[in-house]
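Asks: Before I ask anything, let me first share the structure, which is written out below as C-alpha cells.
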Amino acid sequence: MAYVDKRPLEARVVRVAFGAAFLFLGLGGIGGLIQALHRTGYYRFIGEVTDGNYYTVLTSHGVFMVLFFTIFFLVGIFTWALTRSLDRDLNNPRVTKYWITSMCFGALLTSAAIIGGFFNALPLKANVLYTMYAPLQAHPLYYIGLTLFVTGTWVAGYDWISTYLRWRSDNPGERIPLMAFMVLTTALMWYITTIGIAAEVLLFLIPWSLGLVNEINPTLTRTLFWFFGHAVVYFWLIPAYLLWYAVLPKLSGGRLFSDPLARVVFILFLLLSTPVGIHHQYLDPGIPEGFKFVAMTNTMFLLLPSLLTAFTVVASIEHGGRQRGGSGYLGWLRALPWKNPAFSGMALAGVMFAAGGFSGMINAGMNINYLIHNTLWVPGHFHLTVGTASALTFMAGAYWLVPQLTGKKLVSKRLAAVQPFIWFIGMTLMSNAMHRAGLFSMPRRVSDPTYSFDYSPAFGTVGEINSQIAIGGVLLTVSLGIFLYVIVRTWFGGSRVENPVDSELPPALSGPEHSPRILDNLKLWAGIAVLLVILAYAVPIGYIAADGIYSGSGTYPTFIEALEVLI
Amino acid sequence: MDIHRFEKGWLVASLALIVLFISTVAYVSAVTGVDMVDDSGGSIDVDNVTEDDRFSDPRVEQVGENEYDVYMVAQQFVFRPGSEPFGPVRVPENSTVNFYITSQDVVHGFQIVGTNVNVMVVPGKVSEITVEFDEPAEYGILCNEYCGSGHAEMGGNVEVVARDEWNTTDGGGS
C-alpha cells in the first residue's frame with residue numbers, strides 16, 4: 001500500500017513541503033545560472049558591475065537554496081520517515097497544520113523582502129546575503145519572515161517528538177526504529193543550535209532594523225550567526241544521510257551494513273555540530289586563538305561521523321552489488337542499478353561528498369584556511385556538499401518518494417535516468433574550477449572578480465577556469481530543468497495506481513540488538529550536547545559581549561539605498 | 001557492541017587521521033611560533049576611527065630597522081592606503097610589516113592576492129597581521145567579504161620596493 005493511501009493526511013503535508021522545496025530549488029537554480037554567467041563575464045542578464053542587482057540574486061540563491069529548499073525538504077522527509085518507522089500517524093493535525101503554514105508564510109515574507117530589491121519602486125530590499133552580517137541591514141520583513149520560518153521548524157520538532165513519546169508509552173522497552181532515531185537526534189540538535197540564530201535575530205537584528213536600538217556589536221552577531229551557521233550544514237546533510245542509510249542499501253539490492261554504527265554517527269552529530277562554529281571565524285579579529293583552537297579540535301572530530309558513513313554506505317552498496325550477482329574486487333560496481341536515477345543520484349552524490357569532505361578538511365585546518373578563506377574555493381567546496389551531496393540526493397530521493405506520495409508511477413524514466421549524470425559532470429567542471437580559482441585568491445561573493453592586477457594561476461588560465469564555471473553552470477541548470485520536468489509530469493499527469501514503486505525497506509545486516517541500549521538514551525546525549533556547547537561558547541560569548549552588546553556599529557541599511565533612488 | 005573488523009580498522013585509521021591533523025596545527029602554532037589572527041589588535045570606537053591617532057592619518061611607518069607598521073582603514077569601497085586615489089601601500093624589500101586594519105562602516109576582508117595573507121576587518125576591532133616580505137614585487141589586494149553594491153570595486157596594490165627606493169613619505173595617508 002502506497003504511503004499516500006495509508007496516511008493521506010501526512011502525505012499531504014509532505015507534498016506541500018516538497019512542493020515548496022522544489023519551487024525554491026527552481027528559483028534558486030535560475031539565480032545560480034545568472035551568477036555563473038555574470039561573474040565570468042559571459043552574459044549579464046541583470047545590468048553591469050556596480051549595480052546591486054547581482055547581490056539581490058546572490059542573496060536569493062543562498063536563502064532559497066540553503067534555507068528554503070533544504071529545510072522544506074527536511075521537514076517533508078522527516079515527517080515521512082518518522083510516521084513510517086513508528087508506523088503511526090502524527091499526533092495532532094492542528095499542530096502539523098500550524099507549522100507547515102508558518103514555514104510557508106515566513107518563506108513568502110522573506111522572499112518578498114529579497115525580490116523587492118529588483119524593483120526600485122518598492123521599499124523592500126535585503127541585499128545582505130544568507131549570512132546577513134551586521135551592520136549591513138535588510139528590511140525588517142526579511143528577518144520577520146525568517147523568524148516565522150524557524151519557529152515553524154520548532155513546532156515541527158515538537159510534533160515529531162510528541163508523536164514519538166506516544167509511541168514510546170505504547171511500546172515500552174522497544175528500541176527506537178532507526179529512521180525515527182535519526183529524526184529525533186536531529187530535532188534535538190536543531191533546538192540547541194537555533195538558540196544562536198534566535199538570539200541574533202530576536203534580540204538584535206529585528207529591534208535594530210525597526211530602529212528600536214541604534215547600534216549592535218558586529219562581532220557578537222557574527223558569532224551568534226555561526227553558533228547556528230555550522231550546525232545548519234548538518235541539518236542540510238542529514239536528510240541525505242537518512243536516505244543513504246535507510247533507502248540507498250535497498251535501492252542497490254542489499255541491506256544496511258550496521259544499524260549500531262548509524263546510531264553512533266547521529267549521536268556524534270548531535271554532540272559536535274554546534275561547538276565548532278568559531279571555525280568560520282578563524283580570521284576574525286577580536287577572538288583569541290585559544291577559542292579558535294578548541295573549535296578546530298571539535299571540528300576535526302566531526303570528521304569521524306562522515307568517515308564512518310563513507311564506510312557503512314559503501315559496504316552496504318557493495319553488499320547490494322554482490323546480491324545482484326556482481327563479484328571480484330570491483331566487479332560488484334558494474335552489477336549496480338545505474339539506470340535507476342534514485343540509485344545513481346544518491347551514489348554519485350556520495351562520490352562527490354567524499355571530494356567535498358577532502359576540501360572541507362583543508363577549510364578546517366586553522367593555518368591552511370588562510371590561503372582559501374573567502375575565496376572561490378569555499379563555494380567550490382560547498383557545492384560538492386550541500387550543492388550535490390544534499391541536493392542531488394534529495395532529487396534522487398524524490399524519484400523514489402514522489403510516486404509514494406502521489407500514488408503515481410514515475411514518468412519520463414529515460415530522461416530521469418540521465419539527469420544525475422548531467423549534474424555530476426556539470427558539478428565536476430564548476431566545482432573543480434572554483435577550487436582552483438580560490439587557490440590564486442579569486443574571491444567569492446563578488447559580481448566581477450577582475451581588478452587592476454592580474455591573478456597568477458599555478459597552471460591553466462583565468463579564462464579557461466571561467467569557461468568551466470560557465471559551462472558547468474549551464475549543465476547544472478539543464479539537469480535541474482529535467483528534474484523539475486519529470487517531477488511535475490509525474491505529480492500532475494498520469495493516473496493513480498496501487499503500488500507505484502517498491503517501497504519495502506529491508507532490515508539491517510547488523511540490527512539494533514547488537515548495540516547497547518544507552519545509545520537510545522536521548523536525554524543523556526542531549527544533556528552532553530548542551531554541556532559541550534556551554535564549554536565551547538560561554539567564555540567566548542562573554543568575552544565578545546564585554547565590548548558592549550548594543551554598541552559598535554552604525555547602520556548601513558540596504559533598503560534605504562532603494563528609497564534614495566526615488567528621492 | 002558488534003563492530004565488523006574492517007570497520008574497526010577504518011575507525012582507528014579515521015581517529016589517527018584526526019589526531020594527525022590537530023597535531024600538525026598545534027605544532028605549527030606552538031613550536032614554529034607562527035601566530036594566528038587573534039584579539040591582539042584590540043577594540044576601537046567605530047564612530048571615532050578618524051579621531052584615533054593610528055587611523056586619523058593612515059600610513060606606513062618605520063618602527064625598527066627592518067620593521068614597519070601599516071595603519072589602514074577599510075571603508076565602502078576603498079582601502080586607505082592601498083586603493084586609488086590614495087595610492088598603493090609601499091614597503092621596502094626584506095622587511096617585517098605589521099598591518100593594523102580597521103573598518104569605519106561594515107565588515108570587509110583584506111587579502112593579498114596569491115598569498116595566505118588574509119584577515120577579516122570587523123567594525124569595532126583592529127585586525128593585526130604580520131607579513132614577511134622578501135624580494136621587490138607588486139601584489140594585488142582585494143576585499144573578500146561582501147560589503148555593499150560597490151564591493152567589486154574594492155581592490156588595490158601593495159608594492160614591495162628596493163630599499164633605496166623607499167623613503168619615509170611613501171605609502172602614507174590621504
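The values are calculated or read from the model by the stated rules, or taken from the named source; none is laboratory data. Bear in mind that the values here come from a model prediction, so they are computed numbers and not experimental data. Cβ atoms come from the backbone with ideal geometry, glycine included; neighbour counts cover every protein chain shown.
Asks: Please go through the stretch B:4-45 and pick out each residue that is modelled with pLDDT of 90 or more, in contact with a strand residue (DSSP E or B) (Cβ under 9 Å, 6 or more places away or on another chain) and part of a helix (DSSP H, G or I).
Replies: B:ASP39, B:SER40, B:GLY41
Asks: Here's a follow-up. Looking at the stretch B:1-52, which of its residues are of a type in the set (Asp, Glu) and either within 30 Å of B:VAL73 (Cβ to Cβ) or in the same structural domain as B:VAL121 (by TED's automatic domain parsing) (or both)? Give the derivation first.
Replies: Step one: filter the stretch B:1-52 for residues of a type in the set (Asp, Glu), giving B:2, B:7, B:35, B:38-39, B:45, B:47, B:51-52.
Of everything in the stretch B:1-52, those that are of a type in the set (Asp, Glu) and either within 30 Å of B:VAL73 (Cβ to Cβ) or in the same structural domain as B:VAL121 (by TED's automatic domain parsing) (or both) turn out to be B:ASP35, B:ASP38, B:ASP39, B:ASP45, B:ASP47, B:GLU51, B:ASP52.
Asks: Looking at B:VAL117, is it within 24 Å of A:LEU376 (Cα to Cα), hydrophobic (A, V, I, L, M, F, W, C), surrounded by fewer than 23 Cβ atoms within 10 Å (Cβ to Cβ) and at the interface with another protein chain (Cβ under 8 Å from one of its Cβ atoms)? Give the steps one after another, and end with the answer.
Replies: On the way: within 24 Å of A:LEU376 (Cα to Cα): yes; hydrophobic (A, V, I, L, M, F, W, C): yes; surrounded by fewer than 23 Cβ atoms within 10 Å (Cβ to Cβ): yes; at the interface with another protein chain (Cβ under 8 Å from one of its Cβ atoms): yes.
It is true that B:VAL117 is within 24 Å of A:LEU376 (Cα to Cα), hydrophobic (A, V, I, L, M, F, W, C), surrounded by fewer than 23 Cβ atoms within 10 Å (Cβ to Cβ) and at the interface with another protein chain (Cβ under 8 Å from one of its Cβ atoms).
Asks: Could you check A:ASN214 against (1) within 14 Å of another protein chain (Cβ to nearest Cβ); (2) at pLDDT 95 or above and say which number it fails?
Replies: Against the list (1) within 14 Å of another protein chain (Cβ to nearest Cβ); (2) at pLDDT 95 or above, A:ASN214 comes up short only on (2).
Asks: Please go through the stretch A:1-14 and give me each residue that is crowded, with 20+ Cβ neighbours inside 10 Å and in a helix (DSSP H, G or I), ordered by number.
Replies: Filtering the stretch A:1-14 down to residues crowded, with 20+ Cβ neighbours inside 10 Å leaves A:2-4, A:7, A:10-11, A:13-14.
Within the stretch A:1-14, A:TYR3, A:VAL4, A:GLU10, A:ALA11, A:VAL13, A:VAL14 meet the criteria.
Asks: Can I ask one more? Tell me which of these A:ALA17 doesn't satisfy, since it passes every other one: (1) assigned to a helix (DSSP H, G or I); (2) in contact (Cβ under 8 Å) with a residue 60 or more places away in the chain; (3) surrounded by fewer than 18 Cβ atoms within 10 Å (Cβ to Cβ).
Replies: (3)
Asks: Here's something else I'd like to know. Just a yes or no: is a residue in the stretch B:50-73 within 12 Å of chain A (Cβ to nearest Cβ) and surrounded by 15 or more Cβ atoms within 10 Å (Cβ to Cβ)? Before you say what the answer is, go through the steps one by one.
Replies: Start the filter on the stretch B:50-73 by keeping residues that are within 12 Å of chain A (Cβ to nearest Cβ), which leaves none.
No, the stretch B:50-73 contains no residue that is within 12 Å of chain A (Cβ to nearest Cβ) and surrounded by 15 or more Cβ atoms within 10 Å (Cβ to Cβ).
Asks: Hey, does the stretch A:290-306 have a residue that's hydroxyl-bearing (Ser, Thr, Tyr), assigned to a loop (DSSP other than H, G, I, E, B) and either facing chain B (nearest Cβ under 10 Å) or closer than 24 Å to A:GLY397 by Cα (or both)? If you could, list the steps in order and put the result at the bottom.
Replies: Taking the stretch A:290-306 as the starting set, the residues that turn out to be hydroxyl-bearing (Ser, Thr, Tyr) are A:297, A:299, A:306.
If we keep only those that are assigned to a loop (DSSP other than H, G, I, E, B) as well, we get none.
No: the stretch A:290-306 contains no residue that is hydroxyl-bearing (Ser, Thr, Tyr), assigned to a loop (DSSP other than H, G, I, E, B) and either facing chain B (nearest Cβ under 10 Å) or closer than 24 Å to A:GLY397 by Cα (or both).
Asks: Checking the condition more than 9 Å from every other protein chain (Cβ to nearest Cβ) and at pLDDT below 95, which residue from A:TYR556, A:TYR550 passes?
Replies: Within the list A:TYR556, A:TYR550, the selection yields A:TYR550.
The rows are residues; the columns are (1) closer than 15 Å to A:ILE206 by Cβ; (2) within 14 Å of chain B (Cβ to nearest Cβ).
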| site | (1), (2) |
| --- | --- |
| A:PHE119 | no, no |
| A:LEU124 | no, no |
| A:LEU129 | no, yes |
| A:MET132 | yes, yes |
| A:TYR143 | yes, no |
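Asks: Listed residues B:TYR146, B:TYR139; which is of a type in the set (Phe, Trp, Tyr), part of a strand (DSSP E or B) and within 14 Å of chain A (Cβ to nearest Cβ)?
Replies: On the way: B:TYR146 fails: part of a strand (DSSP E or B).
Result: B:TYR139 is the single residue among B:TYR146, B:TYR139 that is of a type in the set (Phe, Trp, Tyr), part of a strand (DSSP E or B) and within 14 Å of chain A (Cβ to nearest Cβ).
Quick grid of which residues meet (1) over 30 Å from A:ASN53 (Cβ atoms); (2) out of contact with any Ser or Thr (no Cβ under 6 Å at 6 or more places or on another chain); (3) surrounded by fewer than 18 Cβ atoms within 10 Å (Cβ to Cβ):
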position	(1), (2), (3)
B:GLU84	no, yes, yes
B:VAL91	yes, yes, no
B:SER95	yes, yes, no
B:ILE101	no, no, no
B:ASP105	no, yes, no
B:VAL113	no, no, no
B:CYS147	no, yes, no
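Asks: Could you identify the single residue in A:PHE358, A:PHE353 that is within 20 Å of A:SER306 (Cα to Cα), more than 14 Å from chain B (Cβ to nearest Cβ) and under 27 Å from the mean Cα position of the chain (by Cα)? Step through it out loud before you land on a result.
Replies: Numbers: A:PHE358 fails: more than 14 Å from chain B (Cβ to nearest Cβ).
From the options A:PHE358, A:PHE353, the qualifying one is A:PHE353.
Asks: Moving on. Residues being of a type in the set (Gly, Ala, Ser), farther than 22 Å from A:TYR399 by Cβ and in a helix (DSSP H, G or I): count how many of those fall in the stretch A:319-346.
Replies: Restricting attention to the stretch A:319-346, the residues satisfying the condition of being of a type in the set (Gly, Ala, Ser) are A:320-321, A:325-328, A:331, A:335, A:342, A:344-345.
Within this subset, residues satisfying the condition of being farther than 22 Å from A:TYR399 by Cβ are A:325-328, A:331.
When the remaining residues are screened for being in a helix (DSSP H, G or I), the result is A:331.
Going through the stretch A:319-346 one residue at a time, the tally reaches 1.
Asks: Return the pairs, sorted by first residue and then second, in which the second residue is of a type in the set (S, T, N, Q) and part of a strand (DSSP E or B), the first residue lies in the stretch B:133-147 and is farther than 30 Å from A:LEU129 by Cβ, the beta carbons are less than 9 Å apart, and the residues are 6+ apart or on different chains.
Replies: B:PHE133/B:SER95; B:PHE133/B:THR96; B:ASP134/B:SER95; B:GLU138/B:ASN157
Asks: Residues in the stretch A:209-220: is at least one in a loop (DSSP other than H, G, I, E, B), at positive phi and surrounded by fewer than 18 Cβ atoms within 10 Å (Cβ to Cβ)? Please lay out each step first, then the result.
Replies: Kept after step one, since they are in a loop (DSSP other than H, G, I, E, B), are these residues of the stretch A:209-220: A:210-217.
Next, from what is left, pick out any that are at positive phi: A:211.
Now narrow it down to the ones that are surrounded by fewer than 18 Cβ atoms within 10 Å (Cβ to Cβ): A:211.
Within the stretch A:209-220, one or more residues are in a loop (DSSP other than H, G, I, E, B), at positive phi and surrounded by fewer than 18 Cβ atoms within 10 Å (Cβ to Cβ).
Asks: Please go through the stretch A:356-384 and give me each residue that is of a type in the set (Gly, Ala, Ser), over 25 Å from B:ASP35 (Cα atoms) and crowded, with 20+ Cβ neighbours inside 10 Å, ordered by number.
Replies: The initial filter retains those residues of the stretch A:356-384 that are of a type in the set (Gly, Ala, Ser), namely A:356-357, A:359-360, A:364-365, A:380.
Applying the additional criterion that residues be over 25 Å from B:ASP35 (Cα atoms) yields A:356-357, A:380.
Hits for the stretch A:356-384 are A:GLY356, A:GLY380.
Asks: Another question, if that's okay. Mind listing whichever residues of the stretch A:497-555 are closer than 30 Å to A:ALA180 by Cα and charged (D, E, K, R)? Write out each step before concluding.
Replies: Pass one, the stretch A:497-555, residues closer than 30 Å to A:ALA180 by Cα: A:497-537.
If the condition is that a residue be closer than 30 Å to A:ALA180 by Cα and charged (D, E, K, R), then A:GLU498, A:ASP502, A:GLU504, A:GLU513, A:ARG517, A:ASP520, A:LYS523 are the ones that fit.
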